[in-house]
Amino acid sequence: MKLNFLILSLIFGVKCSNDDNTVDDDVWSSTGTKKGKLFWPYHESVIDAIYNTAKHGPKKNIGNYFDFLRDPYGLPPGLSSPLPEYDFIIVGAGSAGSVLASRLSEDRNTTVLLLEAGKPEMLLTDIPAMAPYFQATDYTWQYYMEPQPGVCLGMENQRCFWPRGKAVGGTSVINYMIYTRGRPQEWDRIAADGNYGWSYNDVLEYYKKSEKAKLDGYENSPTRNKDGKMPVEFVQRRTKLIKAFLEAGKLLGHPTIDYNSPDELGFGHVQVTIENGHRQSAAKVFLHKHKNRRNLHILPESTVARVLIDAQTKTATGVEFIRKGKTHVIKARKEVIVSSGPIASPQLLMLSGIGPKDHLISKGIHVIQDLPVGQTLYDHICFPGAIFELNTTGVTLSENRALDLSSIFSWLRDGDSDLASPGAVEGIGYIKTPVSSDPEPIPDIELISIGGSILADGGPGGSKAVRKGMRIREEVFNEAFGPIDNKDAWSAFPMLLHPKSVGRLELKDRNPFSHPRMYGNYLSDPSDVATFVAAIRHIQALVATEPFQKFGARVYPANYPACRSTVFDSDEYWECAIRTLTATLHHQIATCRMGPVGDPLAVVDPELRVHGISSLRVVDSSVIPRTISAHTNAPAIMIGEKAADMIKDSWSANKKVYRYNNK
């Protein structure tokens, strides 16, 4: 019990005593209240350090408060430093890298080194409701898109924030845990481009391999699996608003279904990688139980500076990395596998001499292979500002109601409280708007139904974690939503699934600790704007139905400073609003694009081998060549599963060590 109270003290700011070990009776009562209110003083807790970094950047020592709660990783007993050589070196312990390391090390005769720049996860990251809080910590790469006129107008410095996970487990440690796979036609198109082995039926087997579904009967479908490793469940804590969303969907022709089914489009309860109310990251599922394998060495807080490549033979031979101020050079007997994600993977390739020739030369980098690394970038963006007031109170998820002592203890005891909600996401709906020109049944918008809105993050006296996590400027938020801040409201975020606008990524310089320059090129194609506006009209049609009108739902006329010259609810108003609150869903892809030999945009082949370089692969979501109707965590896990089998097949013939040649 003392340990639990200590944990609560550190996490939630409970003040047990002052410096002389006596209770401060003037401030704190024995019932855990302050000034007559149930205790939850973010502004006086360690959590405050998380919020305060939003404007000033992450502080190196934030996580040190919680080191004793972290899942420890390291070298086996008796080893003070890594081995000089491994069969496989994997760079990045994200969703794909964690799977890959686990699967390759199943063979006890195969040695695997897994390098990760971030730290291990800990108790706080287990709490689904804490997802937005970690956007401003050192569990996150604090990436910002380069300034682009006409987007992110309401964000700090008018720049779009692109947080990525920096942890053992990668972005699966900080994301909203949503499990989606993409439509069959999308994967079949990827295969038809010459990417053999990537049709829907091909990838389905690997989605199933990972999955341990518990979905009220959906798990019995032939496209699902209940015997894998990664838990996939429904969120158990629900508001009445999800029922309204599903019923309104039915009235507009959207059946309530397993939205991951290949058979039809529809709406459904959100499926998440949560078990018993606790986040299930890729590290927890695929690494935690196996971290004591003597052939699997996991080194957190290790930054890889470059892949070592023999310029004459064009063969990857190892890596150079920095850990605790010391530089290490480790050799790979078989392969180096880059699994650092859609931003860090292309950055590492370019630092290693693989990328656009002219760009590398301009940065003083010796060119080993001229490839279009980083020249294609797609992202899913959303609009969180379509908010509908309700005349009914107490029906939404709210920080002020959820984060009290009873909820905390309930979650600690059995995972059963509002803390188990993944950022209040309750439902997913796929729609095809009237402006879509796709001849196949592929949606162009995903609707993310929230059991509340971005107003529910505590209001003026609360944490404001969601709005801070998105980097919305306080003055913009207050002018737009101040009169209804922290009041009951509903929203659905429309997510643009197939943007026509294409971005790119390039190096800032040759320093491995510098962030690359990222150009999202958001909304540069007019059809993307038209699709967003059509999605908002569809949300309004949902709200106009009887299930939502039971709550008196009506659109709130947000007063955006940049949009005052437009007429509220006109198409021009909504375009301006979208350009004000332009938010990423963290689904960047295609920066190390997959394609066959001869594809001028391809970086890796269908077996994820880097074109022209032997013994080097990229295994993460950066290889996905086309936009898909999916949040990218599940696809990244699938890619890790599929890559593990491809790599094993490459080296299985008589267990003969050889180097393939992909020139």
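The values are calculated or read from the model by the stated rules, or taken from the named source; none is laboratory data. All values derive from a computational prediction rather than experimental measurement. In this analysis, Cβ positions are derived from the backbone assuming ideal geometry, glycine residues included, and neighbour counts consider all displayed protein chains.
For the stretch 507-537, filtering for residues that are touching a helix residue (DSSP H, G or I) at 6+ places or on another chain (Cβ under 6 Å) and either on the phi > 0 side of the Ramachandran plot or among the acidic types (Asp, Glu) (or both) leaves 1. The single condition among (1) under 17 Å from ARG70 (Cα atoms); (2) without any contact (Cβ under 8 Å) to a residue 24 or more places away in the chain that ASN292 does not meet is (2). The conditions of being in contact (Cβ under 8 Å) with a residue 60 or more places away in the chain and over 25 Å from ARG413 (Cα atoms) are met by ALA167.
Condition check ((1) assigned by TED's automatic domain parsing to the domain that holds PHE388; (2) within 22 Å of the chain's Cα centre (by Cα); (3) surrounded by fewer than 16 Cβ atoms within 10 Å (Cβ to Cβ)) across all residues:
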site: LYS209; (1), (2), (3): no, yes, no
site: LYS212; (1), (2), (3): no, yes, no
site: GLU219; (1), (2), (3): no, no, no
site: MET230; (1), (2), (3): no, yes, no
site: LEU246; (1), (2), (3): yes, no, no
site: LEU252; (1), (2), (3): yes, no, yes
site: GLU264; (1), (2), (3): yes, no, yes
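Residue pairs whose Cβ atoms lie under 7 Å apart, separated by 6 or more positions or on different chains, with the first residue in the stretch 366-385 and among the small types (Gly, Ala, Ser) and the second in a strand (DSSP E or B), are GLY374/GLY355; GLY374/ARG504; GLY374/LEU505; GLY374/GLU506. Applying the selection to the stretch 132-154, what residues are β-branched (Val, Ile, Thr) and closer than 19 Å to ILE454 by Cβ? Residues satisfying the conditions are THR140, VAL151.
Do you know which of the residues in the stretch 519-552 that are part of a loop (DSSP other than H, G, I, E, B) and of a type in the set (Ser, Thr, Tyr) is farthest from the chain's Cα centre (by Cα)?
Among them, the one singled out is THR545.
Within the stretch 615-663, the set of residues being of a type in the set (Ser, Thr, Tyr), assigned to a loop (DSSP other than H, G, I, E, B) and modelled with pLDDT of 95 or more comprises SER615, THR627, SER629, THR632. Determine which member of the set TRP198, TRP187 is more than 25 Å from VAL235 (Cβ to Cβ) and outside any loop (DSSP other than H, G, I, E, B). On inspection, the qualifying residue turns out to be TRP187. Of the residues making up the stretch 380-388, at least one is closer than 30 Å to VAL307 by Cα and surrounded by 16 or more Cβ atoms within 10 Å (Cβ to Cβ).
The set of residues from the stretch 553-597 being in contact (Cβ under 8 Å) with a residue 60 or more places away in the chain, assigned to a loop (DSSP other than H, G, I, E, B) and more than 30 Å from GLY94 (Cβ to Cβ) comprises ALA553, TYR556, ALA558, ASN559, TYR560.
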